[in-house]
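Trainee: Below is the structure I would like to discuss, written out as structure tokens.
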Amino acid sequence: MVLIRRNWRLGPLLVHIAALAPAAALAWHYGQGLLPDPVQAIVSRTGRTALVLLLASLACAPSYALTGWTALLRFRRTLGLYASLYAGGHALAYVGLDYGLDWDLLLEALQKQRHILPGALALVLLLTLSLTSTDYWRTRLGRRWKKLHRLVYLAGALAMAHVLWMGKSAHVSYPYATVLGLLLVLRIWAMVADGSARRGEAESPARH
């Protein structure tokens, strides 16, 4: 952390390297024939990486509140975009590699496997937030931009439901669920504190 703060340019570079490392490792393992079930490995690893990066993105704002390091707010967007990228790769691998673009099988799976729907909704939200993350959309949407991008917490909750409802090794997902719950609590607390501060500023002129 100290090293990153001393060299501003090193911070974004390390974030990119950390975000791309799982994809590089997956490609290396695939190329070396180290994956007994390549399709399953691609689907599971891209999904897990998307969840980790999404949680890391959500953790930036509370970390900024604790440290005052403004760079964390810039990393939040980068991590969120990478989370969307891995989530998209996860969906493409599931649809294209696991099901071979067989839409009849996919429709049947959607009816039988309840975890698919929250995962699909989370992906739609993440892609929407990624497309509207630019300065152009921030200016165009104005105050609505902030409200829209608060839906990232809903995307996180849906992604967590997707993982937990799979029913496979659910205990491994409990730490992720705990982290998400903590981040939601911190976010709600920050919103309440911010609202109280604004009300105090609005009432202060009247007191004088």
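The values are calculated or read from the model by the stated rules, or taken from the named source; none is laboratory data. All of these numbers come straight from a predicted model, not from anything done at the bench. Positions of Cβ are generated from backbone atoms using ideal geometry, with glycine treated the same way; all protein chains shown enter the neighbour counts.
Trainee: If L79 meets every condition in (1) within 22 Å of R48 (Cα to Cα); (2) assigned to a helix (DSSP H, G or I); (3) free of Cβ contacts under 8 Å to residues at least 60 places away in the same chain apart from one, which number is that one?
Mentor: (3)
Trainee: Among residues belonging to segment 91-105 that are over 30 Å from L148 (Cα atoms) and of a type in the set (A, V, I, L, M), point out the one that is surrounded by the fewest Cβ atoms within 10 Å (Cβ to Cβ).
Mentor: L101
Trainee: Could you please find all residues in segment 84-112 being of a type in the set (S, T, N, Q) and touching a residue at least 40 places away in the same chain (Cβ under 8 Å)?
Mentor: Answer for segment 84-112, where residues must be of a type in the set (S, T, N, Q) and touching a residue at least 40 places away in the same chain (Cβ under 8 Å): just S84.
Trainee: Restricting the first residue to segment 171-195 and requiring it to be more than 15 Å from L158 (Cα to Cα) and of a type outside the set (D, E, K, R), which pairs with a second residue that is modelled with pLDDT of 75 or more and surrounded by 11 or more Cβ atoms within 10 Å (Cβ to Cβ) meet a Cβ separation below 7 Å and a spacing of at least six or different chains?
Mentor: Note: pairs meeting the criteria are L186/P62; A190/A65.
Trainee: Here are L66, L123, L55, L72: which of them is surrounded by fewer than 17 Cβ atoms within 10 Å (Cβ to Cβ) and either in a helix (DSSP H, G or I) or out of contact with any Ser or Thr (no Cβ under 9 Å at 6 or more places or on another chain) (or both)?
Mentor: L66
Trainee: What is the residue count in segment 151-191 for residues that are modelled with pLDDT of 90 or more and not in a helix (DSSP H, G or I)?
Mentor: Number of matching residues: 1.
Trainee: Yes or no: L148 touching a residue at least 60 places away in the same chain (Cβ under 8 Å), closer than 20 Å to L73 by Cβ, of a type in the set (A, V, I, L, M, F, W, C) and part of a helix (DSSP H, G or I)? Walk me through how you get there before you give the answer.
Mentor: On the way: touching a residue at least 60 places away in the same chain (Cβ under 8 Å): no; closer than 20 Å to L73 by Cβ: yes; of a type in the set (A, V, I, L, M, F, W, C): yes; part of a helix (DSSP H, G or I): yes.
So L148 fails the test.
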